[in-house]
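> Here it is, the structure in full.
The values are calculated or read from the model by the stated rules, or taken from the named source; none is laboratory data. This one's a predicted model, so the numbers in the text were calculated from it and none came from an experiment. As a convention, Cβ positions derive from the backbone with ideal geometry for all residues, glycine included, and neighbour counts pool all protein chains shown.
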């Protein structure tokens, strides 16, 4: 019985939060990796692009709410995602046309493109703050919980409760759907294959008649979908604040590199590696050990490897370790 | 002389702008901008050494700046004897464990052949060392932080003069750069950028959360100053006389003595703040000029030519027998040390150390924008970039406000769009700087003052 309690405890405080946070990171990391693989630069505007897409979802949610439209027990924001995605793709394509395409045609080194993306980051941040302001906004409505701790306790008679927030479930379900469609597209369709070919070897791809413009366009479209969905899911789960999105760029980069940058599957798994790393290392295991150990061995300290202040630092240290020992990522060569 | 014309013109325009701020806003404001411009100039010199001379991307500027600031606290603040008594031995013990760990890891990696056994030994040493530190430092930290937490709660510094801390700050940053360089310099350019960005974030989060070191987010205030305090100036007779003589024309016009006294008092208060900032500006200017002379000499020396050769063609330089790895590490350390110096200068200027304020936006990306805008590989350009971008960063909000009011003059005061725009005026600084970078990158990628290569 105690053993069961211990498992429920871990599930409640580490595994479920890590799964949903990992999904949000994974979407962002695939976004980074796609841009890196196809357009060949590290996009420092990642966090702010996600924030930009989410901004539209937030604004549309407020608009829909004022019209009285809702999505039943699901958050209204899910309804707004398609519109936000369209706005996002338009924004990305116009940025590509006015900013990035010039350097791509000139074949500038990746460093220059990375610097340009810093410029884009500044502009995007400015636009976001001018339109919606820097404040914290919550836009979650509908049912908050799928399973409440008290209900779970009554159901099972255990000491530990299990809470599943609806945002956590939505995050995981939506991520699975989006990512599986994306992988199906990349691996099974002809256009997807041409994208991968372009990413692997640009010259050979051009030689075999692949249209680079189409590939670039598709990359931005997919990137727009991933960025918006990832951003909205994060915003629903926590809250929408532009500054936080900018900061989220850092663990997302860590996830992309841990998984091997340029490899979508690696980035997907990298997101979970980073999330689980962060949460497992900063969780205080005291209660867990009191359940599984006999009373005489019960720990006095918190049994915490690192304080939660260092949550972000954990993912960055993970990245440093990976860079030191396997610079090409821990999932090198892994393909679907 | 003609070839320096653009440099001279650019600097003239910049100083005119700062003087205009002095005339239209206030001299105190203009001098604060100037001081921050000078500090930014030191940072850009550091970043330019890395990027302009050697082509190394270092997005970790925030980390070195914070470390420079930490040096000021650790050097200049008076020590807290109670805290040392409470947990000093534990902390020194932990430091000993860290040193022992490093020595033994070095020993293992030197004397045992590369194998699984070696990896396990190193991992084992790290784990045991961490556990020991945990046991030693844990109670120490607790008792240190319990010593008068509202005021101290940290070990304090060494109580030495604050100017000394600038040198220490440079050494701290250089030391960090040595470690980061050893880890990350072999990486490709964009990997290096990401890695340094994230490592800097780790450094800042340690400074933020280790309260026993520098009070963390509780901030350290009231740091020493290398220049006089306003309060002392306002009561010292020579300063009051100076202000009186300086403003004698203005004071003569006023009739009654009591009124004249009041005006004089106000003038002295204003002048004291200007005087303090002028002293600071003098100090900073000395640093900038010394750095400029040294970097200029280095750039046009055989060493500078070697660095450019490495930057422009690594393979060729290495084929000529230049040790690329070593030179990269050296220049990474030098540039970071300069940034650390700037960090120490900034904390000295502010008189307080606020770890919570170190954010990548302000301390990494803005500095990079300065280097790109000013001119990579040209020291005069880098300094100018520091001036221009900082000036824009500060003055963007007033300029934006003016423009908004100008273009929406026909709208009523209560118009929703106008109110919203006026509220978001501060964020136009991001817009201006972003658009500035994009334009410069597109139409003048070499920066305002491009790199000049003198053929000997």
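> Quick one: residue A:69 ticks every box in (1) in contact (Cβ under 8 Å) with a residue 12 or more places away in the chain; (2) closer than 23 Å to residue A:165 by Cα except a single one, so which number is it?
Result: residue A:69 passes all but (1).
Table: residues versus (1) at pLDDT 90 or above; (2) assigned to a loop (DSSP other than H, G, I, E, B); (3) touching a strand residue (DSSP E or B) at 6+ places or on another chain (Cβ under 9 Å).
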position	(1), (2), (3)
A:118	yes, no, no
A:122	yes, no, no
A:141	no, yes, yes
A:158	no, yes, no
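> Quick one: in the range A:26-47, of everything that is surrounded by fewer than 24 Cβ atoms within 10 Å (Cβ to Cβ) and part of a helix (DSSP H, G or I), which residue is nearest to the chain's Cα centre (by Cα)?
Ranking the qualifying residues of the range A:26-47, first place goes to A:36.
> Follow-up. If we keep just the residues of the range B:378-423 that are in a loop (DSSP other than H, G, I, E, B) and surrounded by fewer than 20 Cβ atoms within 10 Å (Cβ to Cβ), which is nearest to the other protein chains (Cβ to nearest Cβ)?
Of everything passing the filter in the range B:378-423, B:408 is nearest to the other protein chains (Cβ to nearest Cβ).
> Then there's this: Please state which of the following conditions residue B:163 fails to meet, knowing it meets all the rest: (1) crowded, with 19+ Cβ neighbours inside 10 Å; (2) in the same structural domain as residue B:360 (by TED's automatic domain parsing); (3) assigned to a helix (DSSP H, G or I).
Evaluating residue B:163 over (1) crowded, with 19+ Cβ neighbours inside 10 Å; (2) in the same structural domain as residue B:360 (by TED's automatic domain parsing); (3) assigned to a helix (DSSP H, G or I) leaves (1) as the failure.
> When residue B:99 is evaluated against the numbered criteria (1) without any contact (Cβ under 8 Å) to a residue 40 or more places away in the chain; (2) within 14 Å of chain A (Cβ to nearest Cβ), which criterion, by number, is the only one it fails?
The single condition residue B:99 does not satisfy is (2).
> Follow-up question, since we're still on this one. Modelled with pLDDT of 90 or more and touching a helix residue (DSSP H, G or I) at 6+ places or on another chain (Cβ under 6 Å): which single residue out of A:172, A:181 fits that description?
The unique qualifying residue is A:172.
> Of the residues that make up the range A:288-310, is at least one buried (at least 19 other Cβ atoms within 10 Å of the Cβ) and within 11 Å of chain B (Cβ to nearest Cβ)?
yes
> In the range A:98-154, how many are surrounded by fewer than 19 Cβ atoms within 10 Å (Cβ to Cβ), more than 8 Å from chain B (Cβ to nearest Cβ) and within 14 Å of residue A:43 (Cβ to Cβ)?
Here the count works out to 1.
> Also, quick follow-up: Right, residue A:238: closer than 20 Å to residue A:22 by Cα and either without any contact (Cβ under 8 Å) to a residue 40 or more places away in the chain or away from chain B (no Cβ under 14 Å) (or both) or not?
Spelling it out, residue A:238 is indeed closer than 20 Å to residue A:22 by Cα and either without any contact (Cβ under 8 Å) to a residue 40 or more places away in the chain or away from chain B (no Cβ under 14 Å) (or both).
> Among the residues of the range A:319-336, write down those that are in a loop (DSSP other than H, G, I, E, B), within 12 Å of chain B (Cβ to nearest Cβ) and either closer than 20 Å to residue B:130 by Cα or without any contact (Cβ under 8 Å) to a residue 40 or more places away in the chain (or both).
A:327
> In the list B:240, B:331, which residue meets the criterion of being in contact (Cβ under 8 Å) with a residue 24 or more places away in the chain, in contact with a helix residue (DSSP H, G or I) (Cβ under 9 Å, 6 or more places away or on another chain) and under 30 Å from residue B:65 (Cα atoms)?
B:331
> Right, here's the next one. So, in the range A:262-307, exactly how many residues are assigned to a helix (DSSP H, G or I) and touching a residue at least 24 places away in the same chain (Cβ under 8 Å)?
So the answer is 23.
> Residue under question is residue A:316, and the condition is that it be assigned to a helix (DSSP H, G or I), surrounded by fewer than 18 Cβ atoms within 10 Å (Cβ to Cβ) and modelled with pLDDT of 80 or more; does it hold?
no
> Then there is this: Based on this model, can you work out whether residue B:284 counts as farther than 30 Å from residue B:183 by Cα, part of a helix (DSSP H, G or I), modelled with pLDDT of 90 or more and in the same structural domain as residue B:349 (by TED's automatic domain parsing)?
Considered against the rule, which asks whether it is farther than 30 Å from residue B:183 by Cα, part of a helix (DSSP H, G or I), modelled with pLDDT of 90 or more and in the same structural domain as residue B:349 (by TED's automatic domain parsing), residue B:284 comes out as yes.
> Filter the range B:187-223 down to the residues that are more than 25 Å from residue B:336 (Cβ to Cβ) and assigned to a loop (DSSP other than H, G, I, E, B), then identify the one that is nearest to the other protein chains (Cβ to nearest Cβ).
Only one residue tops the list, namely B:221.
> I'd like to verify a number: residues in the range B:426-454 that are touching a helix residue (DSSP H, G or I) at 6+ places or on another chain (Cβ under 8 Å) and more than 9 Å from chain A (Cβ to nearest Cβ), how many?
Qualifying residue count for the region: 7.
> Just to check your reading of the model, which residue among B:94, B:104 is touching a helix residue (DSSP H, G or I) at 6+ places or on another chain (Cβ under 9 Å), modelled with pLDDT of 85 or more, within 27 Å of residue B:166 (Cα to Cα) and part of a helix (DSSP H, G or I)?
Within the list B:94, B:104, the selection yields B:94.
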